[in-house]
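Report on the structure given below.
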Amino acid sequence: MREKGSTTRKLTEQMMQDAGVKAGALLEIGSRESIREAVLRNIGISIIARHEVPHNPELRVLALEDAPVMHEYLYCLKERRQARLPAAFLGVAQEVVGSQF
């Protein structure tokens, strides 16, 4: 399970509560990379956003019905917005998402 305060943990706990599922023993791990490695070492299972899991033939990805959407955010210092690299990145992100920053 992710650390307390993690959005992934909050969503996981809410889904489990809504489904009437009570968790057994938990191991709290503070990063998705470490959770992925724990799962690969057969320490347990976890819920991780699909786009955060790299392809690995040893991992089995299962879709969860009615899973909540996890919103992603892009942060940039206002005074750096017009610098060449941040501006280029923000431009690409804006094309993909289709919204204003």
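Read-outs throughout are calculated quantities, based only on the coordinates presented, and are distinct from any laboratory measurement. Predicted model only: the values in this text are computed from it and were never measured. Glycine also receives a Cβ, built like all others from the backbone with ideal geometry; neighbour counts cover every protein chain displayed.
Would you confirm whether any residue within the range 12-19 is surrounded by 12 or more Cβ atoms within 10 Å (Cβ to Cβ) and of a type in the set (D, E, K, R)? Yes, there is a match, as at least one residue in the range 12-19 is surrounded by 12 or more Cβ atoms within 10 Å (Cβ to Cβ) and of a type in the set (D, E, K, R). Working only within the range 64-101, note down all residues that are exposed (fewer than 10 other Cβ atoms within 10 Å of the Cβ) and either in contact (Cβ under 8 Å) with a residue 12 or more places away in the chain or of a type in the set (Ser, Thr, Tyr) (or both). Matches in the range 64-101: Tyr73, Tyr75, Ser99.
Here Thr7 fulfils each of the conditions (1) out of contact with any Asp or Glu (no Cβ under 6 Å at 6 or more places or on another chain); (2) without any contact (Cβ under 8 Å) to a residue 60 or more places away in the chain; (3) surrounded by 12 or more Cβ atoms within 10 Å (Cβ to Cβ) apart from (2).
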